[in-house]
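Let me begin by presenting the structure, written as structure tokens, before commenting on it.
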Amino acid sequence: MSEKTPIPSREERQQCHLARDAYLACLDKSGIDDPSKAGAACDGLRQKVFGTCPESWATYFLQLRAMQKKKERDMEQTAKRLGH
Amino acid sequence: MRGPGHPKALPCRRAYSTEQPAKEKEPVGESGNSGNKGGGTNSFLLSTGPLSPIGIGLFVLTSAGIVYFFTVTKEQVRAEREKNKNKQETVGKADVGGPFELTDQDGNVATDRTFRGKFALIYFGFCHCPDICPDELDKIGDALDMLDRNPKTKDAIQPVFITCDPQRDSPEDIKQYLKQFHPRFVGLTGSLDQVAATCKAFRVYFSKPPKVAEGQDYLVDHSIFSYFMDPDGEFIDVYGKDKSALAMASDMEMRIGQFLDAGRKIQK
């Protein structure tokens, strides 16, 4: 029981979500799809996410964003291809 | 021979009545077959052929039979359609729910029967969930708050949280976790087998990552639904992530109303 990660409270969850939103907004503003290729652009905010959120959550949020971005790009490609 | 005044006289017969010999032009001569032209009543009644009494009688019987047959089948088709029309309303009702045995946040045994007498809104999630579960639980709380404003629906629904992560979520964990949400929430956990059986009954998909180190954090992948059950433990409806609190409250209010209108009572 003592080994498992603690369950975040509502306040901790909110802090984590705020950090996430700030980081993702930065990535969007900088037009960065893949953070691993972003260089140092939003690194400070990234640190904050991993600092306030459980690691599994931070990883999950980034994976979710990657999936969403991929979907957006695919849609754009399809639109171009279909002459939309 | 029939005169023109005879009820069964056919107009064309007049043309043939006495001019032509029966065997030549009249394929259906009434007295022709019996060989008795203009014969007495006896021979007429005994004659066979389509326009004889027997022939006519058979025709009438067959017609009556056909009419009767079609009337009956038409009625059957209509009744079937009526039955199926009523079925339409419940055709989407899935075989969801059923008996389960779990442990509540106070360590007591809780089964499906524990929740009889009241409506229940059951959400499957886990305490280490990053965003979706808290959002859904908040949504349920909002819907219940709305319904609590109406005396008819106040306290009519028991919110239930069932964990898909029994290996981590102990009764104590769930008790602490649920303090963040609507005060009426009851939380259930159990052995992996018990939880798996419950999820199966509710058609809930859940999956823990295969290789997790001891103490390492992980997320459980699971389907995101709230199940609305009636006081008899029967499944009524399922609400997904896209259903707003207001839409849920509105649906549930209608169902509760129907239940009460049917004369049933809710144990509050």
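List of remarks:
- Rounded if a/c under 1.5, otherwise prolate or oblate - the stretch B:187-240, Cα gyration tensor axes: prolate
- Summed side-chain charge close to A:Ala22 - residues other than A:Ala22 whose Cβ falls under 14 Å, Lys, Arg +1, Asp, Glu -1: +2
- Of A:Lys37/B:Lys243; B:Lys83/B:Lys154; A:Lys71/B:Lys175; B:Lys139/B:Lys208; A:Lys29/B:Lys175; A:Lys4/A:Lys70, pairs whose Cα-Cα distance is over 31 Å: A:Lys37/B:Lys243; B:Lys83/B:Lys154; A:Lys71/B:Lys175; A:Lys29/B:Lys175; A:Lys4/A:Lys70
- Residues of the stretch B:191-225 whose accessible area (probe 1.4 Å, heavy atoms of protein chains only) drops by at least 40 Å² once all protein chains are present, relative to their chain alone: B:Gly215, B:Asp217, B:Leu219.
- Remark: accessible area buried at the A-B interface is about 1600 Å², both chains counted, probe radius 1.4 Å.
- Computed with every protein chain present, the accessible area of A:Met75 is close to 130 Å² [probe 1.4 Å].
- Under the simplified labelling scheme, the B:Thr111-A:Ala79 pair shows an inter-label distance of 5.7 nm, with each label point 7 Å from Cα along Cα→Cβ.
- In terms of accessible area, using a 1.4 Å probe and ignoring ligands and nucleic acids, B:Thr48, B:Thr153, A:Thr78 rank largest first as B:Thr48, A:Thr78, B:Thr153.
- Per residue, in Å², the accessible surface of chain A once ligands and nucleic acids are set aside, probe 1.4 Å: 70
- The stretch B:156-197 residues near the modelled B:Lys241 label - backbone nitrogen below 17 Å, point 7 Å along Cα→Cβ: B:164
- Shown here are the Rg and Dmax of the Cα trace of the stretch A:10-82, at 13.7, 47 Å.
- Gained length - B:Lys83 relative to B:Phe59, 0.36 nm times residue gap less alpha-carbon distance: 5.1 nm
- Largest accessible area first, the residues B:Ile236, B:Ile54 order themselves as B:Ile54, B:Ile236 under a 1.4 Å probe with ligands, DNA and RNA left out.
- Sorting the Cα pairs of the stretch B:121-268 by distance into bins of 10 Å, from 0 upward, gives 11, 41, 33, 12, 3, 0 percent per bin.
- Estimated FRET transfer efficiency (B:Asp193, B:Gln267; beta-carbon r; R0 30 Å; 0.05): 0.50
- A full extension of the chain between A:Asp33 and A:Thr59 corresponds to an added length of 7.8 nm, given 0.36 nm per residue minus the alpha carbon distance.
The values are calculated or read from the model by the stated rules, or taken from the named source; none is laboratory data. From a predicted model like this one, the values you see are computed outputs, not experimental measurements. Here Cβ is always computed from backbone atoms with ideal geometry, including for glycine, and neighbour counts include all displayed protein chains. These area figures cover heavy atoms from the full protein model, side chains too; ligands, DNA and RNA do not enter into them. Shrake-Rupley method; radii C 1.70, N 1.55, O 1.52, S 1.80 Å.
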